[in-house]
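Below is one structure; the comments refer to it alone.
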Amino acid sequence: MWIERNLGASRVARASNDEQAYGDLYQWGRLADGHQCRNSANTTTLSSSNVPGHNKFIVAPSYLWDWRSPQNHILWQRVNGINNPCPTGYRLPTNAELDANGKAGARTMLPAHLLPRCACLLSAAASAAVARLAKL
C-alpha cells in the first residue's frame with residue numbers, strides 16, 4: 001500500500017503542475033532534518049556522519065553528488081533503516097517495486113542524490129494488519 005501523497009506535500013496532487021503536491025527534496029539516505037524543505041540554506045561542507053547535525057542542503061563539490069563522505073548507501077533500508085524519512089510503519093520502495101508501479105521513469109531521470117518526490121510503502125506487517133481490519 002503506497003502512501004497517498006509525496007512526503008512534505010500539503011495535499012494529494014490535483015494536476016501534474018500542482019505545487020502543493022510536490023513535496024520535499026530529500027538527499028538520498030538523509031534523515032528529515034530540515035534540509036529537505038524547499039527554502040533550506042545550502043552548504044558545500046560534506047558530512048562525515050549519518051546525521052549532519054544541521055538543516056542545510058549539502059551541495060556536493062564533486063561529481064559523486066553525495067552529501068556524505070565517505071558514502072553510505074544503506075541509510076534508507078527497510079522500515080527500521082537508519083534515517084528512514086517515511087512515517088511510522090512505512091518504508092521506501094525497492095527498485096523492483098518502483099518499476100512494478102510504473103514510477104521508475106520519473107525516478108531515473110533525476111540525479112541519484114535527489115529523490116524529490118519521495119514515495120513510501122506500508123511495511124508488509126502493517127499492510128497485512130490493514131487487510132485483516134478491512135475484512136471485519
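Taken together, the values in this text are just the output of simple stated rules run on the coordinates, not laboratory data. Note that the structure is a prediction, hence the values are computed from the model and not measured.
Averaging 1/r over each pair of different alpha-carbon atoms in the range 1-85 and inverting the result gives 14.0 Å, the Kirkwood hydrodynamic radius. Between ALA60 and THR94, the contour length at 0.36 nm per residue exceeds the Cα-Cα span by 9.7 nm.
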